[in-house]
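One structure is given here, and the rest of the page talks about it.
The values are calculated or read from the model by the stated rules, or taken from the named source; none is laboratory data. In this text, all values refer to a predicted model and were calculated from it rather than measured experimentally. A quick note on method: Cβ atoms are made from the backbone with ideal geometry, for glycine too, and the neighbour counts reach across all protein chains shown.
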Amino acid sequence: MKKFFDWKLLILPVLAVVMTMIAWPSLPEIIPTHFNVQGIADNTGPKASIWIFPAALFLIPAIMAISPKIDPRRHNYVKFKKSYRVIMAVTEIFLFLMYGWVLGQIYGISAVSGEYLPPVMTGLLFLILGNVMPKIKQNYLVGVKTIWSYDDPDNWNKTQRFGGYCFCLVGVLLLLSCFVPLAMRAAVILSLILIAALLPLGYSWLLFRKKDKENKHAGN
């Protein structure tokens, strides 16, 4: 199963550790730990909180290495190996860029406005994930997971395909939400993410209900 692990994913975590060690002496004792949709810090914590990002970046390669070994559907990973690597790499890059932005905010460097960061970053993430989602086979880690699709490969495949369409559409709408007034933007972003999560679940349930009715009619 080692073939599923991509050693290049360790580059960004190591780089994040180096960045943190360089920044550590000059970090203020209290740093921002959360930013609202306007890019304004709305929560703070001790400077040790900054290590959450490097830790999270190391966690992704660890999950990538372990999951194909312990997942009950581990035999399916070989069927979507490339998509699996894309999902892990994109998530890693997303977190690293967010970490770089947070460090920039701490030091007063604003290369990218916090007003546009959430919709742009999240929109791009959804677009990429939406494109690879239809290729994901049954597993317990990635993809749209429902109780109705775990034991039905047809339900799973159709749900992933539909989920991919939903993610791509929501990704575009998230990018366009940059033009929504700031007062409404947080609600719009959260609503779009909720839609992307719930629509595939509902679709999977409808597929299950349809097949269940067909089986009952066939049995009569």
Candidate set from segment 168-192 (those that are among the β-branched types (V, I, T) and at pLDDT below 95); member that is farthest from P134 (Cα to Cα): V180
Might you let me know whether segment 77-87 holds any residue that is within 21 Å of F53 (Cα to Cα) and of a type in the set (K, R)? yes
Can you find a residue that is surrounded by fewer than 19 Cβ atoms within 10 Å (Cβ to Cβ), of a type outside the set (G, A, S) and more than 28 Å from A186 (Cβ to Cβ) anywhere in segment 84-97? yes
Residue set S149, S191; condition part of a loop (DSSP other than H, G, I, E, B), of a type in the set (G, A, S), over 15 Å from the mean Cα position of the chain (by Cα) and in the same structural domain as L129 (by TED's automatic domain parsing); output residue S149
Residues in segment 116-123: is at least one at pLDDT 95 or above and among the aromatic types (F, W, Y)? no
For segment 97-108, pairs from a residue that is not assigned by TED's automatic domain parsing to the domain that holds G45 and part of a helix (DSSP H, G or I) to a residue that is of a type in the set (K, R) and surrounded by 17 or more Cβ atoms within 10 Å (Cβ to Cβ), with Cβ under 9 Å and 6 or more apart or across chains, are none
Among the residues of segment 137-196, count how many are under 30 Å from H75 (Cβ atoms), in contact with a Pro (Cβ under 6 Å, 6 or more places away or on another chain) and small (G, A, S). 2
